[in-house]
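Below is one structure, written out as structure tokens; comments come after it.
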Amino acid sequence: MDYRDTPAEAKFRLELREWFKHNIPANWRDITSIEGQRVLQKSWHQALYAGGYMGLNWPKEYGGQGLEASYDAILNDEASRADSPRLPAMVNYLGRAIFTYGTEEQKQQFLPTLLSGEVQWCQGFSEPGAGSDLASLRTRAERDGQTYVVNGQKMWTSGALFADWCLLLARTDSSVAKHKGISCLLTPLNAPGITVQPIVLHSGDPETAEVFFDDVRIPESQRIGSEGEGWRIAMTTVSYERGASDTGSISTLRRQLHELEEIAQARGLLADPATRQKLAKAYVDIQVLSLNVAQQLSMRLAGRAPGPEGSVGKLLWSRAAQYTMHVALDILGADALNGHAPRWLAEYFTSRPVSVYGGSSQIQKNILARMLDMPR
């Protein structure tokens, strides 16, 4: 398999690289306030849309460009290389849920503004006690005529502070197996009874939040899929969330490793065999991840939808990201803790939850064990 860009992809990559040079907001990392980050996220999303770089892999009938999955991979690759603000990755997998399971009316109502960035979304899946074991969720949605009344709590909801709407999983039937009693509701976060509380990370970044639902009324018309189909919708969503073109991590890891090699050289550490071995292992981990991503992309290009094999890529990503940051702390030593290298300490802490995003590493291993028909 030839993993090099086709002529069309190479042209797209060069045009995108040039676009990033002129459109990445200046000093965007200095924006720390919640309101400032809210404005940055929305304006960056809208700039990408205006540039023609959102919905690359979406069907044209839903506002996308109908391109191959490789173009989304190039977008992620070049964004990481250019050190741009975070891409609005949820567009791809939440949009996928809506245009796969939604009615035509729902698609017309929600997809255009989701794609353009006019309306921001988050994903209401995890709960206290139901993160990795998502099917154990306890948020309830009880019928009252043509309305669902929702009560419960979501946890670690990325982007909830900046979102207008939420793709919400709630239990609509407690009398059946836990995987079968879940439904999916499109929920406005300004609805009466919803409270969003920030969870501030070590860096001061309110990336994630708790969301509380107290007698929140959601019309039946805002349920996507059939009642009880929520688990299937969730698995479709996370399959694309874990998908190869959506990680956007390889260029970032390669850039970090290159910087660490330069720091090690400047400190005279490359003469140390242990340091060289650590750098070499980080390089191998990143290369293995890169090859897995290429393999998954080739399957997508062959028309195969992402499936449970995406768990392999998720495990490789977690291992590469966390090990590279361990190497960073070893090379920087006390400077990582005394304020002389604050960026690297922040990036170390940022790498820690990678093994939980999109399902914990333990869950990924369970998925692979079932694929391999291993005994329980």
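The values are calculated or read from the model by the stated rules, or taken from the named source; none is laboratory data. Keep in mind that this is a model prediction, so the values were computed, not measured. Here the Cβ is made from the backbone with ideal geometry for all residues, glycine too, and neighbour counts use every protein chain on show.
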(request) Check Gln108 against each of (1) out of contact with any strand residue (DSSP E or B) (no Cβ under 6 Å at 6 or more places or on another chain); (2) assigned to a helix (DSSP H, G or I); (3) touching a residue at least 60 places away in the same chain (Cβ under 8 Å) and name the one condition it does not meet. (result) (3)
(message) Looking only at the stretch 83-115, filter to residues that are closer than 11 Å to Tyr62 by Cβ and of a type in the set (Gly, Ala, Ser); which one of those is surrounded by the most Cβ atoms within 10 Å (Cβ to Cβ)?
(response) Gly95
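Per-residue answers, yes or no, for (1) over 29 Å from Ser226 (Cβ atoms); (2) of a type in the set (D, E, K, R):
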residue: Lys60; (1), (2): no, yes
residue: Gln65; (1), (2): yes, no
residue: Glu68; (1), (2): yes, yes
residue: Tyr93; (1), (2): no, no
residue: Glu105; (1), (2): no, yes
residue: Gln123; (1), (2): no, no
residue: Arg138; (1), (2): no, yes
(message) What's the total number of residues in the stretch 85-98 that are part of a loop (DSSP other than H, G, I, E, B) and touching a helix residue (DSSP H, G or I) at 6+ places or on another chain (Cβ under 6 Å)?
(response) 4
(request) Spot the failing condition for Arg276; the list is (1) buried (at least 16 other Cβ atoms within 10 Å of the Cβ); (2) over 30 Å from Thr236 (Cβ atoms), and only one is missed. (result) (1)
(request) Exactly one condition in (1) over 19 Å from the mean Cα position of the chain (by Cα); (2) over 22 Å from Thr237 (Cβ atoms); (3) surrounded by 15 or more Cβ atoms within 10 Å (Cβ to Cβ) is not met by His22; state its number. (result) (3)
(message) Given the options Gly55, Gly66, name the one that is part of a loop (DSSP other than H, G, I, E, B) and without any contact (Cβ under 8 Å) to a residue 12 or more places away in the chain.
(response) Gly66
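Is it the case, given these coordinates, that Ser311 is out of contact with any Leu (no Cβ under 6 Å at 6 or more places or on another chain), in contact (Cβ under 8 Å) with a residue 12 or more places away in the chain and closer than 30 Å to Arg370 by Cβ? Break it down into steps so the answer makes sense when it comes.
Working: out of contact with any Leu (no Cβ under 6 Å at 6 or more places or on another chain): no; in contact (Cβ under 8 Å) with a residue 12 or more places away in the chain: yes; closer than 30 Å to Arg370 by Cβ: yes.
In short, no.
Considering Ala334, Ala328, Ala341, which residue is in contact with a Leu (Cβ under 7 Å, 6 or more places away or on another chain), farther than 28 Å from Met90 by Cα, of a type in the set (Gly, Ala, Ser) and free of Cβ contacts under 8 Å to residues at least 60 places away in the same chain?
On the way: Ala334 fails: in contact with a Leu (Cβ under 7 Å, 6 or more places away or on another chain); Ala328 fails: free of Cβ contacts under 8 Å to residues at least 60 places away in the same chain.
None of the other options fit; the residue is Ala341.
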(request) Output the residues belonging to the stretch 27-52 that are touching a Leu at 6+ places or on another chain (Cβ under 7 Å) and free of Cβ contacts under 8 Å to residues at least 60 places away in the same chain. (result) Trp28, Ile31
(request) Kindly check whether there is at least one residue in the stretch 235-251 that is surrounded by 17 or more Cβ atoms within 10 Å (Cβ to Cβ) and either modelled with pLDDT of 95 or more or over 30 Å from Val288 (Cβ atoms) (or both). (result) no
(message) So the check is Cβ under 7 Å with 6+ separation or different chains; which pairs have a first residue in the stretch 255-272 that's closer than 15 Å to His326 by Cβ and a second one that's surrounded by fewer than 16 Cβ atoms within 10 Å (Cβ to Cβ) and of a type outside the set (Lys, Arg)?
(response) Ala264/Leu270
(request) Output the residues belonging to the stretch 178-193 that are surrounded by fewer than 18 Cβ atoms within 10 Å (Cβ to Cβ) and at pLDDT 95 or above. (result) Pro188, Asn190, Ala191, Pro192, Gly193
